[in-house]
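This report refers to the structure that appears directly beneath it.
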Amino acid sequence: MQYDVAAIIRGYAQGYFLMADEWDNLGWYASKERTLIPLDERFRYPKSLQRVLNQERFQVAINRDFLGVVNGCANRETTWISPELKDIYWLLYQTGYAYSFETWRGDELAGGILGILIGGAFIGESMFYRIPEASKVAMVKLVERLRQRQFILFDAQMMNPHLERFGAYWIGDEEYTVLLQQALKTTCSLF
């Protein structure tokens, strides 16, 4: 199946995101409230995670095993990442829009975050871990990278208790649209 990358990126640039339903039907979704990960002093994490960071248990990589991260994110009891969406992520990766921010222990992929990068916006699609604390370390290191690279926005789409521990917060649709448009006018890179 062929996909129109420009149309997909336009959808994300308008504040929509792709998800598959329980029957693997792919659709565009939007939310009146979006969840953002703060890229300022509001970002926080548990003190116990600081010990893990200090011990340097994990190494960080970008796109070392993109498909491994996609498959890790999709490997759960209920998932919104259908086979078709995996194909779309692969195409977006090949065209420079999708990225995997990974944690490794030696030669083992420990965890990671899958996201779409457009301008100064990193749109987090999903995250996973195989080794405890690996996705949390990925989150901290990704936020550090986004700050260093002067990203405007880290969109996590939907709130969950895990994200709340990092200071994630809700933002209304109008405010989100303003921030997203500001981010789209910026050029940022993870490298």
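The values are calculated or read from the model by the stated rules, or taken from the named source; none is laboratory data. Note that the coordinates shown come from a computational prediction; the quantities given were computed from them, not determined experimentally. Here the Cβ positions follow ideal geometry from the backbone for every residue, glycine too, while neighbour counts run over all protein chains shown. Quick note on the areas: whole protein, heavy atoms, side chains included, nothing else; ligands and nucleic acids left out. Shrake-Rupley method; radii C 1.70, N 1.55, O 1.52, S 1.80 Å.
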| For GLY68, are the conditions met, namely being surrounded by fewer than 17 Cβ atoms within 10 Å (Cβ to Cβ), in contact with a strand residue (DSSP E or B) (Cβ under 6 Å, 6 or more places away or on another chain) and outside any loop (DSSP other than H, G, I, E, B)? | yes
| task | All but one of (1) out of contact with any helix residue (DSSP H, G or I) (no Cβ under 6 Å at 6 or more places or on another chain); (2) on the phi < 0 side of the Ramachandran plot hold for GLN157, so report the exception by its number. | result | (2)
| note | Those residues of the stretch 147-160 which are out of contact with any Gly (no Cβ under 9 Å at 6 or more places or on another chain) and either closer than 21 Å to ALA61 by Cβ or modelled with pLDDT of 95 or more (or both) amount to ARG147, GLN148
| task | Could you grab me the full set of residues in the stretch 36-65 that are surrounded by 13 or more Cβ atoms within 10 Å (Cβ to Cβ) and part of a helix (DSSP H, G or I)? | result | LEU49, VAL52, LEU53
| request: Would you check which residues across the stretch 36-95 are of a type in the set (Lys, Arg) and either without any contact (Cβ under 8 Å) to a residue 24 or more places away in the chain or farther than 28 Å from LEU179 by Cα (or both) and list them? | output: LYS47, ARG51, ARG57, ARG64, ARG76, LYS86
| message | Going residue by residue through the stretch 155-166, is there one that turns out to be open to solvent by less than 10 Å² (accessible area, probe 1.4 Å) and either closer than 23 Å to GLY96 by Cβ or assigned to a strand (DSSP E or B) (or both)? | response | yes
| In this structure, is ALA7 modelled with pLDDT of 95 or more and open to solvent by 10 Å² or more (accessible area, probe 1.4 Å)? | yes
| Taking into account only those residues within the stretch 98-135 that are touching a helix residue (DSSP H, G or I) at 6+ places or on another chain (Cβ under 6 Å) and not in a strand (DSSP E or B), which is surrounded by the fewest Cβ atoms within 10 Å (Cβ to Cβ)? | GLY119
| query | If you scan the stretch 14-35, which residues turn out to be assigned to a strand (DSSP E or B), within 16 Å of TYR176 (Cβ to Cβ) and open to solvent by 40 Å² or more (accessible area, probe 1.4 Å)? | reply | TRP28, TYR29, GLU33
